[in-house]
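**Q** This structure is in structure tokens; I'll ask about it shortly.
Throughout, read-outs are computed from the coordinates displayed, never taken from laboratory work. Quantities reported herein were computed from a predicted structural model and do not represent experimental measurements. With ideal geometry, Cβ positions are generated from the backbone for all residues, glycine too; neighbour counts draw on all protein chains shown.
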Amino acid sequence: MPSMDPAGSKGSNGGPKADFFARKQRIAQQRKSLPIASVEKRLMDEVRSHDILIIVGETGSGKTTQLPQYLFNAGFCRDGKIIGITQPRRVAAVSVAKRVAEECGVEMGQRVGYSIRFDDMTSSSTRIKYMTDGLLLREALLDKYLSKYSVIIVDEAHERTVDTDVLLGILKSVQKARLGPINQLPNIDHTKANNGVVIDKENDSQRASSLNQCRGLKLSPLKLIIMSASLDARGFSEYFGGARAVHIHLEEGAGDVLVFLTGQEEIESVERLVLEKLLQLPEEKRKLKVLPIYSSLPSEKQMQVFMPAPTGFRKVILATNIAETSVTIPGIKYVIDPGLVKARTYSARTGMESLVVVPTSKAQALQRSGRAGREGPGKCFRLYPEREFEKLSDSTVPEIKRCNLSKVVLQLKALGVDDIIGFDFMEKPLREAVIKSLELLALLGALTEESRLSKPVGHQMARLPLDPTHAKALILASQFNCLEEMLITVAMLSVESIFYVPREKLEEVAVDNLFQMYVACVLAAVRQIRENVEQMGLHIASCGDDMLQFRRCLAAAFFLNAALKQPDGTYRVLSSGQSVQIHPSSVLFRTKPDCLIFDELVRTNHNYIRNVSRVDYLWLPELAPQYYTLKE
Ligand code: CDP
Ligand code: MG
């Protein structure tokens with residue numbers, strides 16, 4: 001945090017003002033000593049002479065924070081153009097933007113800004129814009145040429161999230177489209193995606209007019225930079241027709257301990273354990289500061305891990321894989337890696353997405369060990385035998401191969417890509433998974449029989465930056481006169497849930513303002529979704545005390561996630577036949593209604609369902625006849 005002195009200038013020597021300048025100087029020095037600084041000129045030459053560039057450099061070498069500033073200084077923002085940098089994670093977009101704004105000595109949202117779902121910190125003067133890749137995908141829906149960008153940097157490409165993969169495909173064609181000639185227009189039919197208004201059949205004159213628009217705007221080529229922390233850039237290079245790769249090397253930082261854990265629950269129990277153990281030590285040996293970091297932790301709390309530990313203390317950071325590459329925590333000397341990670345998996349057979357704990361890949365294990373000992377020698381303790389390491393798969397399976405694709409498929413359809421299976425993906429998703437999501441979208445009424453986006457439902461769903469089922473719930477809610485209630489529900493389901501906080505901690509946490517922060521987040525989400533649904537002309541009304549109406553609406557939207565109680569108290573998911581249990585944190589854990597719908601399935605040692613609501617069994621064939629007449 002910059003120690004600004006808002007009260008003004010009383011700061012004499014050693015006062016806040018002096019602190020501020022000392023910090024400024026330190027930052028300038030740090031910037032100069034980053035490995036990337038020595039190749040600034042060469043990088044700028046490469047960007048000028050190539051439209052696609054792949055940059056590989058270890059985490060901490062300065063790619064994310066420095067490159068956009070170099071590009072800005074090299075004149076890539078002339079004519080008001082913007083440099084966009086995408087991140088797979090929201091936290092990274094925010095924390096990096098904050099850092100860069102500070103380095104540039106500007107206020108957040110001015111020259112440097114960020115934009116993530118439900119939180120836009122940019123203005124008309126923003127030139128360096130950090131965002132999630134999902135957000136840029138949505139921008140592509142509104143501007144087929146992404147014309148305000150001169151350079152787009154796809155960061156952390158090695159993570160291979162679905163959004164990154166889809167984005168790479170889209171950017172490849174945007175780049176071609178900006179070059180112009182008719183025969184080079186992309187296989188994506190962008191003319192269909194004008195502000196969500198879709199022209200069903202495109203003809204040559206439309207094609208020509210979109211081309212003229214491109215010429216009329218005198219679009220310069222789009223520079224594309226793919227950045228990755230993993231050494232294997234071959235895949236990216238091949239995908240982009242043999243693009244150059246630039247490697248940056250690095251030596252750096254020391255001191256604290258970083259422990260990789262699988263999720264919030266594990267982090268909290270380890271935190272408790274460490275604190276208990278500490279109390280058993282003599283007082284002078286308790287100088288350990290334990291700090292958690294995971295993505296649903298409010299950003300203020302996350303920022304604490306970046307601050308130096310109090311003098312004489314050692315920091316122990318308990319992190320999820322968020323600390324593998326997305327955020328660099330300075331000063332780590334020891335890494336403890338149990339070799340596990342929680343990953344989203346999707347079963348095309350059951351159509352269910354779940355979070356499971358799986359072994360890391362070798363690439364991940366190496367990446368984790370790479371977080372230790374940048375300045376002096378560092379150490380990584382792998383808590384598994386060497387032969388297990390040998391058994392790990394080489395690299396992480398791209399998320400696109402293991403997640404529910406319905407949101408992506410909906411987005412691609414809205415971008416005019418009709419043939420999803422034939423789309424130029426860097427790595428093709430599983431055919432069954434694509435088919436399953438097409439089925440889901442059809443059941444939700446988003447697709448016509450010809451598998452095109454339906455009007456108005458499919459188009460409306462694509463305009464909402466939400467999971468398709470949540471989007472459908474909003475649309476239905478306008479018919480059930482309970483959109484007010486559904487807005488809040490969907491916002492809560494979209495914002496990381498407060499109910500993940502263990503109950504015994506809730507009180508303490510409230511004191512910590514976490515609750516207020518959560519409420520603020522939900523309200524911001526409600527505001528933004530409300531804006532969306534207002535623009536779409538949906539009828540916003542409240543059902544008041546009529547909870548029956550509201551639950552019927554939930555049943556109509558979440559009918560695919562309906563489950564029936566079994567004699568032994570477990571539940572059977574009607575659509576997949578899977579056996580599940582209500583998560584103990586749910587208020588319905590004890591009540592156990594006969595029939596319910598749920599929002600999320602988590603697989604730990606059991607299949608748990610979360611965010612559940614009681615419904616009446618008989619509503620299902622009534623409200624979802626497209627599905628349940630066939631079934632029963
Ligand atoms: O992208 P890459 O991993 O190559 O490095 P970076 O994120 O640009 O970070 C470069 C340096 O900036 C790191 O070594 C950190 O010391 C510093 N940094 C920071 O202090 N605070 C941040 N939020 C981000 C980076
Ligand atoms: Mg980075």
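**Q** Just to be sure I understand: if I project the alpha-carbon convex hull of the range 75-127 onto a plane and average over all orientations, what area do I get in nm²? Please list the in-between numbers first.
**A** Values: hull surface 14.6 nm².
For the range 75-127, averaging the hull's shadow over all directions gives 3.6 nm².
**Q** Residue 256's amide H: which non-local residues (gap 5+, or another chain) put their own amide H closer than 5 Å, with H modeled 1.01 Å from N in plane and none for Pro or chain starts?
**A** 332, 333, 334
**Q** How much length, in nm to one decimal, is gained on full extension between residue 629 and residue 50, taken as 0.36 nm per residue of separation minus their Cα-Cα distance?
**A** Details: separation 579, 0.36 × 579 = 208.44 nm, distance 5.76 nm.
Length difference between fully extended and current span is 202.7 nm.
**Q** Still on this structure: Taking Rh as the Kirkwood radius computed over C-alpha pairs, what is the Stokes-Einstein D of the range 520-632 at 37 °C in a medium of viscosity 0.692 mPa s, expressed in µm² per second? If you can, show how the numbers build up before the last one.
**A** Details: Rh = 15.6 Å.
After rounding, the answer is 211 µm²/s.
**Q** After finding the eigenvalues of the alpha carbon gyration tensor for the range 31-103, what semi-axes result from the square roots of 5 times each, listed largest first in whole Å?
**A** Ellipsoid semi-axes (Å, largest first): 19, 16, 13.
**Q** Taking a point 7 angstrom from the Cα of residue 592 along the C-beta vector, which residues in the range 524-567 have backbone N less than 14 Å away?
**A** The answer is 564-567, whose backbone nitrogens lie closer than 14 Å to the label point.
**Q** Which whole-Hz ³J(HN,Hα) couplings does the range 112-124 yield from phi under the Karplus relation 6.51 cos²θ - 1.76 cosθ + 1.60, θ = phi - 60°, glycine and proline marked x?
**A** Each residue of the range 112-124 in turn: 10, x, 9, 9, 10, 4, 6, 8, 10, 10, 10, 9, 5 Hz.
**Q** At R0 = 41 Å, how high is the FRET efficiency between residue 614 and residue 439 if r is their beta carbon distance? Nearest 0.05 is fine.
**A** The computed FRET efficiency comes out at 0.95.
**Q** Determine Rg/Rh for the range 101-161; Rg is computed over alpha-carbon atoms and Rh is the Kirkwood hydrodynamic estimate from the same atoms. Let's see the in-between values first.
**A** Working: Rg = 12.2 Å, Rh = 12.5 Å.
The Rg/Rh ratio comes out at 0.97.
**Q** List every residue whose amide H lies under 5 Å from the amide H of residue 76, counting only residues 5 or more places away in sequence or on a different chain, with H placed 1.01 Å from N in the peptide plane.
**A** Hits under the 5 Å cutoff: none.
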